[in-house]
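See structure below.
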Amino acid sequence: MKSHLVAAFSVFMFTLPAPAQKAAPVISPEFQDDHSVVFRLRGPKLESVLLRGQWDKKQVPMTKDAEGLWSINVPNVPAGVWEYSFIVDGLTIIDPLNPAQKPQRSPSASILQIPGDPPNVWDFQDVPHGTVHQHTYLSKALGKQRGAWVYTPPGYETDTSTKYPLFVLQHGSGDRHETWVVHGKANWILDDLIAAGKAKPMIVLMIDGHPLGQVPREAADKRNESLKAFQRELFEDAIPLAEKLYRVSPERKQRAIAGLSMGGWQSLSIGMTNLDRFAWIGSFSGAVDENEIKTALDDAAGTNAKLKLLWIACGEKDFLLERNTQLISTLTTRGITHEWRLTSGDHSWPVWRDYLAEFAPKLFR
């Protein structure tokens, strides 16, 4: 009887369907041994998928296999921190398999980082590292919840007596206050510069530059209102928060403000009209209405006496180049001391990382 049961069980087992094989996880992006990068997206019902990468700015068709998996192998992607997107049936989206996403007001780009050999200043290196602190607070100036990130340099937690310079660093109009760290790698840039003795240890304050939400460039009245709201929040909330929680120097000569694009405009407008608060000002591909800084332009002697550095940079292919060259002409004519850097590149993050790496070592000397 027992043998019959065993035989029957064996027949039953052989007639059962084989257990389904688990599908291999889809990885994107995936680095290959030949230094190429494979991008993938599962979408059986999609009609068209293109890859757009910042490294060459091309839109390249991806190929769909029989299982509905779209893919492309891209050779020779240069070292750098790059944005890329998928264009899916005409819609631009992030890579849903890649957790590294560029913080934006309307997220549409993922991040691909390829370290340099030797490492670039924005690459993670085996050096002492600082700390990035995240804060959420109720803005008294705006009456709503706001956010800020603060970088403290290596050794801050163990050296409890030193007071550090404060550097306000601002993002562009399409980004958020996290972007300088997550995508700009500002913390790694400063870590590497400080470790090499090229930059002074400093505390960096990064706040949301959109106090009224994202404002269109053409809405002049709304932009002016937004600038005033940003200044109120900066002076009444964000800087006091940094002064309360961190050991920042109260000295004007130990205060800097800079930013990219919209952040450059904010830095020029606020910095140049508040020289009792800031001695170091930087604009990376920014642009300012000269009427906003008229008081500084009209008093060259007073402005020069207070400024330690006014540093302005723009790429030769940047759409704001003409406005920058006009400002430089005005500063020169009025006798305002400044440093002007015309570089290669356009209005993009690969340019702005270089600018921070060049600007930071000049501060607080």
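Read the figures in this text as sums done on the coordinates, not as results from a lab. Since the model is a prediction, treat every value here as computed from it, not as a measurement. Cβ coordinates were reconstructed from backbone atoms using ideal geometry, including for glycine residues, and neighbour counts include every protein chain displayed.
Numbers below:
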| quantity | calculated |
| --- | --- |
| Rounded Å value of the spacing that divides the Cα centres of the stretch 149-182 and the stretch 53-98 | 32 Å |
| For the stretch 92-178, alpha-carbon Rg relative to the globular expectation (2.2 N^0.38 Å, N residues) | 1.40 |
| Distant-in-sequence amide H partners of Gln113 (H built 1.01 Å from N, under 5 Å) | Trp82 |
| Computed E for Ala196/Leu91 - FRET, C-beta separation, R0 56 angstrom, nearest 0.05 | 0.80 |
| Rg and Dmax of the stretch 24-114, Cα atoms only, in Å | 12.4, 36 |
| For the chain: relative contact order, % (alpha-carbon pairs under 8 angstrom, 6 or more apart) | 12 percent |
| Cβ-based net charge around Lys185, under 10 Å, with every Lys or Arg adding one and every Asp or Glu removing one | -2 |
| For the stretch 269-313 and the stretch 245-265, distance of Cα centres in Å | 13 Å |
| Highest-first arrangement of 266-273, 165-172, where packing means the average Cβ count within 10 Å | 165-172, 266-273 |
| Point-to-point label distance, His133-Ala301, nm (Cα→Cβ direction, 7 Å offset) | 4.3 nm |
| Around Pro250: net Lys/Arg minus Asp/Glu count, Cβ-Cβ under 11 Å | +4 |
| Charge tally in the Cβ shell below 14 Å around Pro75, where Lys, Arg are +1 and Asp, Glu are -1, Pro75 excluded | -3 |
| Bins of 10 Å from zero: percent of alpha-carbon pairs in the chain | 5, 21, 28, 21, 12, 5, 3, 2, 2, 1, 0 |
| Packing rank of 95-104, 81-90, 178-187, where each peptide gets the mean count of other beta carbons within 10 Å, highest leading | 178-187, 81-90, 95-104 |
